[in-house]
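Read the figures in this text as sums done on the coordinates, not as results from a lab. Here the structure is a predicted model, which means the values were calculated and not measured. All Cβ positions, even for glycine, are placed from backbone atoms using ideal geometry, and neighbour counts span all protein chains on display.
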Amino acid sequence: MRKGIYLENTPLAVALKLWAEKIAKEGIRPLHGEPVDAKDSLGRITSGAVFARLSSPFYHSSAMDGYAVRFAETFGASESQPKTLKLGQQAVYVDTGDPLPEGFNAVIMIEDVNTAGGKEGGHIEIIKPAAPWQHVRVIGEDIVSTELIVPENHRMRPVDIGAVISGGHVKIDVRRRPKVVIIPTGSEIVEPGTDLKKGDIIEYNSRILSALVSEWGGEPLRFDPVPDDLEKIKDAVREGCRRGDLVVINAGSSAGSEDYTAKAVAALGEVILHGINIKPGKPVILG
């Protein structure tokens, strides 16, 4: 077999552009969506925009422990002329997060009132007026119904999980995880734990690649090592194409006498480029 050569020494930016253009030309589209529990969506990529189904909060709620009041009834209160409000009628005790009673539109913190007769009866005394919606979490303060929460093709973060759940979602649609087939090649490589002899190389690169795929959100599928045999490599690539969305062949891409990867790719499809002007990684093949 004739010794292989590098076909190009392509700059990285140009290589990425050629790869993206070829994918677009071939009509390769993003992976379809699948529903997952919102609570389990960390790191997943949304397959569509997610809009709020309800506002958060969906009712006016107290932002403080204190007394709900009608702000207009607090006008005129001052330290020199405290104002008295009747409990149950003009002032209602609320804890943080409680719904605001109907018709009330402000909350005075419990630290800012003097009470007489306890929470269930008597009066409270205030020394300054309340502003409209003071210490109130109004409807939609965090999220408004129909508001965009996260866009399409967004990688879900912990804060996004909280936002979509707060917006009324139990499940969201995310793109299926890509299945990445990893094919280690080389007649000299052996599996970890093998009794070693001179010339053997423990195969570990596929474990690194698998871990990277997992870290980036894909599903790695590692094949058993394939010897330096063109037909066996082609068979493995065919099987990889059948079982995965992307095939990574390691290695056989350099200029040695037993580097068959470029030939295998060319025989089964098209070599888009061979050789990128980076180190490490100069012999990379995209096809």
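Running a GNM on the chain with Cα contacts under 10 Å, which residue among L85, L212, L31 ends up with the highest mean-square fluctuation?
Most flexible of the set in this elastic network: L85.
Of all DSSP beta bridges located in the chain, what percent are antiparallel, nearest 5?
For the chain, the DSSP antiparallel bridge percentage is about 70.
For L221, what residues show an amide H to amide H distance below 5 Å, using hydrogens built from the backbone and excluding near sequence neighbours?
Here the answer is V180, V181, I182, since their amide H atoms fall under 5 Å of that of L221.
Would you mind calculating the gained length between I201 and K171 on full extension (0.36 nm times residue separation, minus the Cα-Cα distance), in nm to one decimal?
6.2 nm
What is the set of long-range amide H partners of V226 at a cut-off below 5 Å, with H atoms built 1.01 Å from backbone N?
Close amide H contacts, sequence-distant or interchain: T185, G186.
Determine the dipole magnitude for the chain: charges of +1 sit on the beta-carbon of Lys and Arg, -1 on that of Asp and Glu, nothing else is charged, the reference point is the Cα centre, and the result goes in debye to the nearest 20.
Using only the charged Cβ atoms, the result is roughly 960 debye.
So, counting K/R as plus one and D/E as minus one, what does the shell of residues with Cβ under 13 Å around P283 add up to?
Its environment carries a net charge of 0.
Longest segment of the chain with no trypsin sites (Lys or Arg not before Pro) in a DSSP loop having at most 10 other Cβ atoms within 10 Å?
Formally, the longest exposed-site-free interval is 4-196.
If exposed GluC sites (Glu not before Pro) are those in a DSSP loop with at most 12 other Cβ within 10 Å, what is the longest stretch of the chain that has none?
With GluC sites (Glu not before Pro) excluded where exposed in loops, the chain gives 189-269 as its longest stretch.
Given the DSSP H assignment, sum -39500 (n - 2.57) over each helix run of at least 4 residues in the chain and divide by its residue total; what's the result at 222 nm in deg cm²/dmol, nearest 500?
Here the helix-only value at 222 nm equals -6000 deg cm²/dmol.
Taking 0.36 nm per residue of separation and subtracting the Cα-Cα distance, what length does fully extending R238 through I110 add?
38.9 nm
What Kirkwood radius, in Å to one decimal, follows from the Cα pairs of region 61-137?
Final number for the Kirkwood radius of region 61-137 is 11.9 Å.
Applying the Karplus parametrisation 6.51 cos²θ - 1.76 cosθ + 1.60 with θ = phi - 60° to the phi angles of region 214-231, what ³J(HN,Hα) value in whole Hz is obtained for each residue in order, glycine and proline being reported as x?
Values per residue, Gly and Pro as x: 4, 4, 8, x, x, 10, x, 10, 8, 8, 5, x, 10, x, 6, 9, 4, 5 Hz.
Take the Cα atoms of region 182-287, build their convex hull, and give its volume per residue in Å³.
115
Would you kindly derive the ³J(HN,Hα) couplings of region 170-177 from the backbone phi angles with the Karplus curve 6.51 cos²θ - 1.76 cosθ + 1.60 (θ = phi - 60°), listing them in order in whole Hz, with x for Gly and Pro?
Calculated HN-Hα couplings, in order: 9, 10, 9, 8, 10, 5, 4, 5 Hz.
Read through the labelled values (i) 116; (ii) 125; (iii) 217 and report the label of the one computed as volume of the Cα convex hull per residue in Å³ from the structure.
Label of the calculated value: (iii).
Tabulate in residue order the Karplus-calculated ³J(HN,Hα) for region 192-208, using 6.51 cos²θ - 1.76 cosθ + 1.60 with θ = phi - 60°, rounded to whole Hz; enter x for Gly and Pro.
With coefficients 6.51, -1.76 and 1.60, one gets x, x, 6, 5, 8, 10, 4, x, 6, 10, 5, 7, 10, 4, 5, 6, 5 Hz.
Using the basic label-point model (7 angstrom from Cα toward the beta carbon), what is the K128 to N9 distance in nanometres?
A separation of 7.4 nm, rounded to one decimal place.
Pick from T194, T96, T185: which residue has the top mean-square fluctuation in a GNM of the chain where Cα pairs under 10 Å get a spring?
T194
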